[in-house]
Amino acid sequence: MTVLGFARAAFLASVFVTFLGEKGQAAELRVLAGGAMTAVWAEVKPKFEQVSGHKLDIFFGTTPNLIKEATSGKSFDVGVVPVEVMQDAAARAKFASGTTSDVARVGLGVAVRAGAPRPDIGTRDGLKAALLKAQSIATLPASAAGAQVTKAFERLGVAEAIKGKVQAKAAPAEIVAAVAKGEAELGVFLLNVLTAPGLDVVGPFPADLQQEVVFTGAAAADTKQGDAAKALLGYLKSPEASAIIKAKGMTPG
């Protein structure tokens, strides 16, 4: 085994002892998660479950969905959600008081169908021209990222001009599918979502229009699995989880 291998093994061993605790009691955690982090969770979930012994039941949703779920009266243990969820007073009251822990962040960008011509969006004027020229644009307005996209359209002065060709999708995967199938000429959303098979990422928004969506974590106020919830939030800050986050096109923390 290499030095790196020994280091990783030692890290995972320490994680197991810390996360599972002296009593070795595994828990099942219900997690509320932003849908744009689905690809991250696909890898984080099995790794965390293997290391800790805990099990995760993940509810994915957009910001409005997550606010509704958090305030529905249904129990949950942890949230890793867009910060906009925490800005809703009713939803914030369902999480433990104190500071939250930022897990990942990602900016906005544009994608086209794989092999299609890529417009020049490196400047404000270039992005504006590309939006006006496109026949159809897929995005997800009912989300934290979608709200940022809408603001960018307004700042560019194209919101009214492109209204008729904007396709409002209900989930990130629907944006990818619409562009990959040629049903939408442009996909405008979070860069990590657009980095998908069947799509070519044109690039990020110009710096003066760029906005990042931040996903932050906290335990539920009434969770009965406090230690396990803390373990999950701790794991999300670990080198292993950070590497997954980076590999999926996001920035840790």
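The values are calculated or read from the model by the stated rules, or taken from the named source; none is laboratory data. Bear in mind the structure is a predicted one, so any value in this text is a computation, not a measurement. All Cβ positions, glycine included, derive from the backbone under ideal geometry; neighbour counts span all protein chains shown. We work out accessible area using only protein heavy atoms, side chains counted, and drop any ligands, DNA or RNA first. Shrake-Rupley method; radii C 1.70, N 1.55, O 1.52, S 1.80 Å.
Tabulated values for the structure
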| quantity | calculated |
| --- | --- |
| Criterion: assigned to a loop (DSSP other than H, G, I, E, B), within 21 Å of the chain's Cα centre (by Cα) and closer than 17 Å to Ala116 by Cβ - qualifying residue of Ala207, Ala196 | Ala196 |
| Candidate set from the range 156-172 (those that are surrounded by fewer than 17 Cβ atoms within 10 Å (Cβ to Cβ) and closer than 22 Å to Pro82 by Cα); member that is modelled with the highest pLDDT | Ala168 |
| Count of residues meeting criterion [out of contact with any strand residue (DSSP E or B) (no Cβ under 7 Å at 6 or more places or on another chain) and in a helix (DSSP H, G or I)] in the range 233-253 | 8 |
| Residue check for Lys230: touching a Pro at 6+ places or on another chain (Cβ under 8 Å), open to solvent by 60 Å² or more (accessible area, probe 1.4 Å), not small (Gly, Ala, Ser) and not in a loop (DSSP other than H, G, I, E, B) | no |
| The range 70-124, subset of a type in the set (Asp, Glu) and out of contact with any strand residue (DSSP E or B) (no Cβ under 6 Å at 6 or more places or on another chain), residue nearest to Gln135 (Cα to Cα) | Asp120 |
| Residue ID - least open to solvent (accessible area, probe 1.4 Å), chosen from residues in the range 107-130 that are in contact (Cβ under 8 Å) with a residue 24 or more places away in the chain and assigned to a loop (DSSP other than H, G, I, E, B) | Ile121 |
| Among residues of the range 115-155, those that are more than 25 Å from the chain's Cα centre (by Cα) and not basic (Lys, Arg), counted | 13 |
| Tally, over the range 75-106, of residues that are open to solvent by 60 Å² or more (accessible area, probe 1.4 Å) and in contact (Cβ under 8 Å) with a residue 24 or more places away in the chain | 5 |
| Residue in the range 180-193 that is open to solvent by less than 10 Å² (accessible area, probe 1.4 Å) and part of a helix (DSSP H, G or I) present | no |
| Set Gly109, Gly98, Gly35: member being under 20 Å from Lys169 (Cα atoms) and modelled with pLDDT under 95 | Gly35 |
| Single condition Ala138 does not satisfy, out of (1) of a type in the set (Gly, Ala, Ser); (2) in a helix (DSSP H, G or I); (3) buried (at least 22 other Cβ atoms within 10 Å of the Cβ) | (2) |
| Sole residue being at negative phi, of a type outside the set (Gly, Ala, Ser), open to solvent by 60 Å² or more (accessible area, probe 1.4 Å) and in contact (Cβ under 8 Å) with a residue 40 or more places away in the chain, chosen from Asp200, Asp222 | Asp222 |
| Flag for Gly5 being in a strand (DSSP E or B) and either within 24 Å of Lys248 (Cβ to Cβ) or at pLDDT below 95 (or both) | no |
